[in-house]
Amino acid sequence: MSAANRAVPMSAQRMALSLFWRTFFLLVLLVGGCLTAWTIALLMRDDPPREVLAARELACVINVGREALVRIEPGARAGLLQAIAAREQLTLRPRTAADRWASASDDASLRRFADVLRSELGAETQVAAQVNGQPGLWVGFAIEREAWWLRADPARALPPHNLPWLLALLAVLAVILVASVLVARRINRPLRELQFAASRIREGDLDSRLDETTITSEIREVNMGFNRMARELAKVEEDRVVMLAGISHDLRTPLARLRLEAEMSVSDEEARANMASDIDQLDAIIDKFMDYARPGETRLQGVLLSRLIDKEAAAFRDPGEIRITSRVAIDLEVMADEVELGRVFANLFENARRYGRSADTGVAEVQVSYVRTGGWVICSLRDRGPGVPESRIKQLTAPFYRGDTARTAATGAGLGLAIVEKAMARMGGTVEFHNAPDTGLMIHLRLKHAKT
């Protein structure tokens with residue numbers, strides 16, 4: 001099972017809300033709540049509704065016109081009607097039994113408008129959307145025994161739709177959203193820079209620095225503290241490298257003298273061989289110290305993974321101790337430092353040779369495979385050994401840690417897997433350790449694929 005196909009823990013699937021989005025949503029809720037309260041207050045002040053006011057105004061006009069028509073001479077009514085039509089943009093005409101009209105009951109505003117007119121003018125008042133095919137706002141009423149139609153412009157008699165007001169509200173909301181994004185980004189920028197610098201420190205780039213001249217005093221203090229920490233870490237790392245390199249170099253001279261004296265002074269061949277083996281072991285431990293203290297500069301280039309694995313596997317010639325089977329395509333290239341990646345596989349094979357031997361055969365059987373996922377290559381190594389207790393898997397890459405409990409049987413420095421993790425980080429990759437479903441340890445190396 002590859003690293004790409006493993007199930008993600010439920011705790012890792014919970015969606016995390018970044019500081020930017022939390023600030024953004026809080027600003028939107030605050031301003032949106034204020035706008036909502038403001039809108040509700042405006043709506044509560046609009047009492048009575050506009051269509052009620054328009055109906056009362058039109059009823060007043062009709063009553064005035066009715067009184068005028070009643071009191072004027074019949075011969076002068078035509079002139080009065082023409083004057084009203086020209087001045088108020090209203091049309092008055094007699095209502096006949098042959099008129100065909102359509103009710104205005106389909107619209108809620110018109111229904112409210114008609115109810116108010118009937119309450120003002122009488123229950124026999126009719127409100128129509130069209131009469132004899134002519135659209136408009138038609139109001140039918142009676143003057144003594146005569147029936148009349150009054151035609152008015154609906155846009156004048158009824159309140160217009162609130163579309164302009166809604167567009168203005170939407171424009172205000174859009175401005176609020178943009179302003180919230182800018183404010184949240186402004187607030188979040190120092191923390192984002194701190195997050196980026198911390199990630200660079202975690203990856204080994206101890207030269208990351210933050211701006212110590214920012215105006216905000218709290219951010220300035222945090223940046224100054226972070227820069228001090230980065231400088232101290234860089235000094236500690238430099239001292240550690242110098243110390244390990246110096247100790248390893250100084251130990252080489254007495255070891256060489258011990259080897260020479262053992263060859264010349266010890267007559268017992270078995271004792272001489274044992275001493276030579278111990279000296280070789282010490283020399284190998286010194287090499288591990290040198291590898292671990294090596295500076296972090298790497299030169300990434302396309303490396304044929306299969307050829308490199310075969311080259312490192314060839315150093316483990318004894319089939320009675322380890323057998324390595326590679327299923328990596330011969331043309332698969334990854335972006336890596338060839339020397340560093342070779343050191344990674346050498347340490348992994350050596351770790352399998354020591355701790356990954358099968359209980360049945362006593363031989364470490366290592367299988368190397370790979371999968372492609374996006375722009376990455378995940379190379380997996382698996383042995384058939386006893387594996388590692390789950391509680392200790394996270395400690396495998398700790399310096400000087402050994403996964404077995406038999407310390408007297410250990411022949412290494414406990415730096416092999418720590419060197420692997422450090423080398424993979426320098427090449428922009430990762431390493432993960434998991435127990436196989438049945439038995440053995442699985443190691444997944446995540447490397448960038450070299451696109452050709």
Legend entry - Count - residues of the range 197-244 that are open to solvent by 50 Å² or more (accessible area, probe 1.4 Å), under 30 Å from LEU27 (Cβ atoms) and touching a residue at least 12 places away in the same chain (Cβ under 8 Å): 5
Legend entry - Yes/no for ALA409 being over 24 Å from ARG202 (Cβ atoms) and at pLDDT 85 or above: no
Inset, instruction - Please state which one of VAL183, VAL127 is out of contact with any strand residue (DSSP E or B) (no Cβ under 8 Å at 6 or more places or on another chain) and at pLDDT 75 or above. - result: VAL183
Legend entry - Unique residue being basic (Lys, Arg) and in contact with a strand residue (DSSP E or B) (Cβ under 7 Å, 6 or more places away or on another chain) when the list is ARG343, ARG357: ARG357
Inset, instruction - Could you check ALA4 against (1) in contact with a strand residue (DSSP E or B) (Cβ under 7 Å, 6 or more places away or on another chain); (2) at pLDDT 70 or above; (3) open to solvent by 50 Å² or more (accessible area, probe 1.4 Å) and say which number it fails? - result: (2)
Inset, instruction - With the condition kept exactly as written, say whether any residue in the range 166-175 is out of contact with any Ser or Thr (no Cβ under 7 Å at 6 or more places or on another chain), loosely packed, with under 11 Cβ neighbours inside 10 Å, at pLDDT below 75 and under 30 Å from VAL31 (Cβ atoms). - result: yes
Inset, instruction - Sort out which residues of the range 422-452 are open to solvent by 50 Å² or more (accessible area, probe 1.4 Å) and either assigned to a strand (DSSP E or B) or closer than 20 Å to SER358 by Cα (or both), and write them in order of number. - result: THR430, GLU432, HIS434, PRO437, ASP438, THR439, ARG446, LYS448
Inset, instruction - Evaluate the following for GLY385: is it modelled with pLDDT of 85 or more and farther than 23 Å from LYS311 by Cα? - result: yes
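The values are calculated or read from the model by the stated rules, or taken from the named source; none is laboratory data. Computed from a prediction, not measured in an experiment: that's the story for all the values here. Positions of Cβ are backbone-derived with ideal geometry, glycine not excepted, and every protein chain shown enters the neighbour counts. When the accessible area is computed, the model is the full protein with side chains, heavy atoms only, and any ligands, DNA or RNA have been set aside. Shrake-Rupley method; radii C 1.70, N 1.55, O 1.52, S 1.80 Å.
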